[in-house]
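Student: I have a structure here, written as structure tokens, and I will follow up with some questions on it.
The values are calculated or read from the model by the stated rules, or taken from the named source; none is laboratory data. What you see is a predicted model, and the numbers here were worked out from it, not measured in a lab. Note: ideal-geometry Cβ built from the backbone for every residue, glycine included; neighbour counts use all protein chains shown. These area figures cover heavy atoms from the full protein model, side chains too; ligands, DNA and RNA do not enter into them. Shrake-Rupley method; radii C 1.70, N 1.55, O 1.52, S 1.80 Å.
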Amino acid sequence: MRFMMLMIPKGYESAKPGTLPDAKAIAAMMKYNESLQKAGVLLSGEGLHPPSMGARVSFAGGKPKVTDGPFAEAKEVLGGYWMIQVKSREEAIEWAKRCPGSENEVIEIRQVQELSDFDAVTLPPRLAAREQELRDKLEKKGER
């Protein structure tokens, strides 16, 4: 099972452009990331620049509208993520508990939807085959 662990740092929604974690936090996170990698569960993971450097595309009325960050209505925003592959939700939770997060951070854990989660009515075989082909191509691209 794949799970995404989403880091939500309080206050990051108002961080200035170019804000980066301090060296001590980076070193602790690198050690944690290395432990995930050595255990063979880490598929990917990255930190994210603050929302002040981002944009949102909404679709009110079916038309795209771009809003540049920061986002006044944002209460919680992502600061980074890990994609892990583990045997259970409980194992994902155990890995999240090992993160060197501060009292100012929360990790949300969400299971990734797999093709096997869908029945043939919701995802007809023809569409499932196309989706699998896309996933296979993306996996090969990542191996380069």
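Student: Is the range 35-49 home to any residue that is under 18 Å from the mean Cα position of the chain (by Cα), of a type in the set (Asp, Glu) and open to solvent by less than 60 Å² (accessible area, probe 1.4 Å)?
Tutor: The answer is no, given that none of the residues of the range 35-49 is under 18 Å from the mean Cα position of the chain (by Cα), of a type in the set (Asp, Glu) and open to solvent by less than 60 Å² (accessible area, probe 1.4 Å).
Student: Quick one: in the range 74-91, which of the residues that are under 17 Å from residue 15 (Cβ atoms) and in a strand (DSSP E or B) is most open to solvent (accessible area, probe 1.4 Å)?
Tutor: Checking each candidate, the answer is 81.
Student: Consider residue 71 against the criteria (1) in contact (Cβ under 8 Å) with a residue 40 or more places away in the chain; (2) more than 15 Å from the chain's Cα centre (by Cα); (3) open to solvent by 40 Å² or more (accessible area, probe 1.4 Å): it satisfies all of them except one. Which criterion is unmet?
Tutor: Only one criterion in (1) in contact (Cβ under 8 Å) with a residue 40 or more places away in the chain; (2) more than 15 Å from the chain's Cα centre (by Cα); (3) open to solvent by 40 Å² or more (accessible area, probe 1.4 Å) is unmet by residue 71, namely (3).
Student: Same structure, new question: So residue 45 passes all but one of these: (1) in contact with a Phe, Trp or Tyr (Cβ under 7 Å, 6 or more places away or on another chain); (2) of a type outside the set (Ser, Thr, Tyr); (3) modelled with pLDDT under 95. Which condition number does it fail?
Tutor: Checking residue 45 against (1) in contact with a Phe, Trp or Tyr (Cβ under 7 Å, 6 or more places away or on another chain); (2) of a type outside the set (Ser, Thr, Tyr); (3) modelled with pLDDT under 95, the one that fails is (3).
Student: Which of the residues belonging to the range 92-134 are in a helix (DSSP H, G or I), more than 30 Å from residue 75 (Cα to Cα), open to solvent by 50 Å² or more (accessible area, probe 1.4 Å) and not charged (D, E, K, R)? Step through it out loud before you land on a result.
Tutor: Quick first cut of the range 92-134, residues in a helix (DSSP H, G or I) only: 92-97, 115-117, 125-134.
If we keep only those that are more than 30 Å from residue 75 (Cα to Cα) as well, we get 115-117, 125-134.
Add one more test, that the residue is open to solvent by 50 Å² or more (accessible area, probe 1.4 Å), and what stays is 116-117, 125-127, 129-134.
Within the range 92-134, 116, 125, 127, 129, 132, 134 qualify.
Student: Report yes if some residue within the range 50-61 is open to solvent by less than 60 Å² (accessible area, probe 1.4 Å) and assigned to a loop (DSSP other than H, G, I, E, B); otherwise report no.
Tutor: yes
Student: What residue, among those in the range 1-31 that are among the small types (Gly, Ala, Ser) and over 19 Å from residue 103 (Cβ atoms), is nearest to the chain's Cα centre (by Cα)? Explain how you work it out, then say what you get.
Tutor: Here is the first cut: in the range 1-31, the ones among the small types (Gly, Ala, Ser) are 11, 14-15, 18, 23, 25, 27-28.
Subsequent filtering for residues that are over 19 Å from residue 103 (Cβ atoms) retains 18, 23.
Numbers: 18: 20, 23: 22 Å.
Going through the qualifying residues, I end up with 18.
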